[in-house]
Amino acid sequence: MKGIITDIQRFSVHDGPGIRTTVFLKGCSNRCAWCHNPETFTVKPQLEFFSERCIACGRCLSVCQEGVHSISDGRHIVDLTLCNNCGQCIASCYVGALVVTGQEMTSEEVMEQIRMDEPYYKRSGGGITLSGGEPVMQWEFAKEILLLCKELGIHTTLQTAGNYDFEYLSALVPYLDLVMYDIKAFSEDIYKNVIHGDPRRILNNLMDLDCMGIPIIVRTPVVGSVNDTEQEIEAIATYLGDMKHLVHYMLIPYHGLGKVKYDALGMEYNNTFYTPDKERMQQLERIAARYVKVYNNESGYING
Amino acid sequence: MIAPSFNDRIASIKKTKLEFNQEKINRNGTYDNDDHGWVPFSESIQYKKVMEEKSGLCTGMDAVSRTFANYLDAHPVYIHPMSAFAGAWAGAADVGGPWRPEHRLDDVEEECGRYNILMRGIYAMNHVGGDLNIGLTLGWGGLLKQIRYYREFNKPTSTEFYDGEERVVIATQNWIRRHIEYARTQAAAESNSFLRQNMLEIAEMNEWLVENPPRTLREAMQFLTWFQSIDRMYFTNGSLGQLDELLRPYYEADIAEGRITDDDEVVWYTACLLFNDTHYSQIGGENPADGHDIASRMSFLILEGIHRLNIPSNIAFRVHDQLNEELMDKCVEYLFEDGTGVCYSCSGGLNKGFIRSGYTQAQARMRAKVGCNWTALPGIEYCLQDVTRICLAKPLLLSLDDLMASDGDKSMENLWELYCSHIRRCCEIIKDGLDWHLEYKHLNKPEIVLNLFAHGPIERGVDMSHGGVDIVNMACDATALATAADSFAAIEQFVVQSKRLSWNELYTALQNNFADAQEIRLMLKSAPKYGAGNTRADYWAKRISDLYSAILGGEPTKRGYKVLPGIFSHGSVFMHGKNLPATPNGRYASDPISHSADPDPGFLPGGGTAPTAKANAVAGVTCVSGNSTPLQIDIDSRLAQEMGGREIIKAYIKTFNDMGGTLMNINVVSKSKILEAHKDPDRYPDLVVRVTGYSAFFKSLSAEYRQQVVDRWIAQG
């Protein structure tokens, strides 16, 4: 089976225990306004243009049949709306200014990459992590990779935001050792205006997943001006308090590193969000800690 | 008066070290070699050079030993008031060279230039580990008695060898005596009671040591201080051996008898030893008999000294299957805290290689990491390492010349055949040179210091380099592996497979250093790189490494000496690139070559890098010989701030060892700090980095050398 991969990141140390390889599957069922990975929104491959790398050699003009590329006043202009993702221009670009985001790969090809670092997984207690976008968008492909990993005894983790029908997630659970589940907000308004996901489905899926007995780490990206309030974090933490298989809860400060990617995809970047400062993060962690075990990447468990 | 704390004493000598470093830069500019411990004395040393009668050169045992004795007699004395020890060295004596005309091998120099062989080992300094147990057991007086005993016992026709060795010991004793006088004078003039007492203790300690073997830990370390000073002065050699095991019996005796009641005192001793010099040594390691780890409390205290002083030092932690977890944990903790510290010498690849080279498992376990990239059997092995290089890229360019000039089929197979013949010739040049070196070395620059600390030379009356010890291993290190592998892969992809380039177009572009051929250069650069895993460049890297290993290590020299292949460029990627024309990986003429066996920065698709991918690549091409193929790695300091970061790095190092790695040199630093320090080195006068096998103040490195470290960070994104 083939799937669409955005990236495969080796020596990944933030996506689960130990040294891991994180496989980013393309496509997402949310549209978080602060997202710094806009290339993961759609499943299909997309052309990206990094203007700062372009040397205006013009080779792409000669191979493109669709008129995507033009040179005006010595500057390379790219009209991505005309692109049919044939990949011809990418092959002609030696400086990496034109790249495709989203590569079609077979599960065997993905496994070849995963297996390169297999000795490190065993030594460190690491493994692989399927991430996105939303990896469950390609659940059949994800299942095949997970199955192949389990046959090799490789630890598996899924990072998900839960905005889909539960049956897709439940199909993956038998092949998973850990789920890292993002709850980005509790208030319906935030979902409606900023996340564009279904809050009831996301929250219910988490509880249904908990009933299946798999260890779960819940994470909330704390985004300044969106969900960095005591009420929001307290509401999430209270909800998590009923879970039986929660390993811990983590608050992750938002970072705004996505502008270059939005530009490369020809997308508008309207970012009015900010990163909460350390003190604010600690305040919110203390509030959450009243209800659940809270883990901080730098200081470890702040309670229990 | 209250004595300053041990930490205050360490801080004081560190302050002096930083001042010395600034003075060195002021005098000589930046320097890219090992920092060493030499002290910038204000006056130059005036001494009489003694010349060998026939050649008029300072060569041979008699002239060399007399000259070195003169140098020691004229050498100034030095005692840092806060140090536990006396002694410092001003720099290497000009002695033992140039070699006599009849012993020079100059007729291959032109061919060496053609092959970009810049270091062929001939005339070079030894790279040998002495057995300091000999000195610690006998003391200077005992060494003298041993020389006299064997001179009498062997009754050689010429006593030149023994006379020379005797001269070296007596000169050392005299130098020590001058320090005793100096210490007493300083004590008499000192009003501070602690400083006065410290000088008196130093004087008394050395009054004993000048004739007798050390009894206490402080005396043992003072002995090592004298040794490493004269060792550096004579030949810039720098090996101490298995330091923790050398010192453990003294430490345990001091503790048992109540002479030491505070381990911080031992930490201070260690810091003072490290202040004196950056001699290479090892902590942790394997018991030769059963492989169990030999780490002791002394290992931890040495590590503590490295950490608290935090200046350039060259101590390795030995990684093996039964390593001491607690000691490794501490090594990584201090690596995260200080950004540097020990390097990680790996038995996984080293032992397997040494056994493959014909030695026993016990010998492999004894072979300690006592040099920049190398290991040696202390006191029983003569070796020459880290001074012999074969460039793997230039033979490819010569092969292309041959291919283009021939009427034969222009193919990868034919290019490879030509390449094999050029590599074979490079190996011949190196081997013949090593034979030559070993034949004549003792007649020019005999091992007057290390002969004293080896098992055999004194007993036999024969120089260590000429039969004094039974085990002799030469070594050679290849350079420019990634440059060559990426070049082969680029030719294969664009000339042979896709045929986007003709052989002529490629050749012309290279001849013109890519002038008016930017597109060709960028095309060649875009080929998947060595290190990414399962690329054609990875295939070529392995094939080149195997070829080089088989030819160099497969056959001994004509005189029967083993030559152990490794891959190591030191930090000299600019020097080795300077005369290298443009290469098919898109590298311009005179640009630096790739570093050791490391993939070039940004080797992953998209231009990134990953520590695991890099380690896999290096382990995959490691020459299995007992020589090393080091990995240089830089870890983001953010990992150090995170829970579990230490365990991840420990697992990473152990996995590299499992895969057959030989040596890992790690820096932990933030990208912003390294960029700021590169821009304005004065802002970080105490920033220490491990450049390759040696560590140095970042500030003391030239802009080119600093750029190496910076490039690795930029590639990491």
Exercise: per-residue mean of other protein chain Cβ atoms within 10 Å, A:256-262: 0
Helix B:243-256 axis, angle to chain B major axis (alpha carbon atoms, nearest 10°): 30
At least 10 Å² accessible surface lost relative to isolated chain, residues of region A:2-19 (1.4 Å probe): A:Arg10, A:Phe11, A:Val13, A:His14, A:Gly18, A:Ile19
Cα gyration tensor shape for region B:188-336, rounded if a/c is under 1.5, else prolate or oblate: prolate
Average beta-carbon neighbours from other chains, 10 Å sphere, peptide B:636-644: 4
Sites matching GluC sites (Glu not before Pro) across region A:167-270 that sit in DSSP coil, with at most 11 neighbouring C-beta atoms within 10 Å: A:Glu268
Prolate/oblate/rounded label for region A:46-101 (Cα gyration tensor, a/c 1.5): rounded
Between A and B, accessible area buried - total, square angstrom, nearest 100, 1.4 angstrom probe: 2300
Spatially proximal aspartates and glutamates relative to A:Lys259 (Cα-Cα < 19 Å; intrachain offsets below 8 disregarded): A:Asp7, A:Glu39, A:Glu48, A:Glu52, A:Asp79, A:Glu268
Long-range amide H partners of A:Val247 with built H, under 5 Å: A:Ile216, A:Ile217, A:Val218
Listed residue pairs exceeding 22 Å between alpha carbons, taken from B:Lys330/B:Lys369; B:Lys525/B:Lys699; B:Lys24/B:Lys699: B:Lys525/B:Lys699
With Cα atoms, 0 to 90° folded angle of helix B:412-444 axis to chain B main axis: 20
Among beta bridges that DSSP assigns inside the protein assembly as shown, antiparallel share in %, nearest 5: 35
Region B:28-168 shape via C-alpha gyration tensor axes, a/c threshold 1.5: oblate
Under 5 Å, built H, 5+ apart or other chain: amide partners of B:Cys476: B:Leu564, B:Gly566
Peptides ranked, highest mean first, by Cβ atoms within 10 Å: ranges B:93-101, B:437-445: B:437-445, B:93-101
Average beta-carbon neighbours from other chains, 10 Å sphere, peptide B:655-665: 2
Region B:1-106: trypsin sites (Lys or Arg not before Pro) falling in loop per DSSP and having at most 12 other Cβ within 10 Å: B:Lys48, B:Lys54
In region B:251-343, the GluC sites (Glu not before Pro) that fall in loop regions by DSSP, at most 16 other Cβ within 10 Å: B:Glu257
Placed amide H near A:Thr6: partners under 5 Å, 5+ positions off or other chain: A:Phe24, A:Leu25, A:Lys26, A:Gln103
Residue-normalised accessible area of the protein assembly as shown, given per residue in Å² at a 1.4 Å probe: 37
Threshold 50 Å² - residues in region B:509-524 whose accessible area is reduced by that much or more when the chain is no longer isolated, probe 1.4 Å: B:Glu519, B:Leu522
Carbon plus sulfur fraction of accessible area for chain A, probe 1.4 Å, in percent: 49
Helix B:160-189 axis, angle to chain B major axis (alpha carbon atoms, nearest 10°): 60
HN-Hα J in Hz across region B:228-239 - Karplus 6.51, -1.76, 1.60, θ = phi - 60°, x for Gly and Pro: 5, 5, 6, 4, 5, 4, 7, 9, 6, 5, x, 10
Residues of region B:190-216 with amide N under 14 Å of the 7 Å Cα→Cβ point at B:Arg148: B:211-212
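The values are calculated or read from the model by the stated rules, or taken from the named source; none is laboratory data. The structure presented is a predicted model; accordingly, all values stated were derived computationally and were not measured. For neighbour counting, all protein chains shown are included, and Cβ atoms are generated from backbone atoms with ideal geometry for every residue, glycine included. Note: accessible area is taken over every heavy atom of the protein model, side chains too, but ligands, DNA and RNA are not part of it. Shrake-Rupley method; radii C 1.70, N 1.55, O 1.52, S 1.80 Å.
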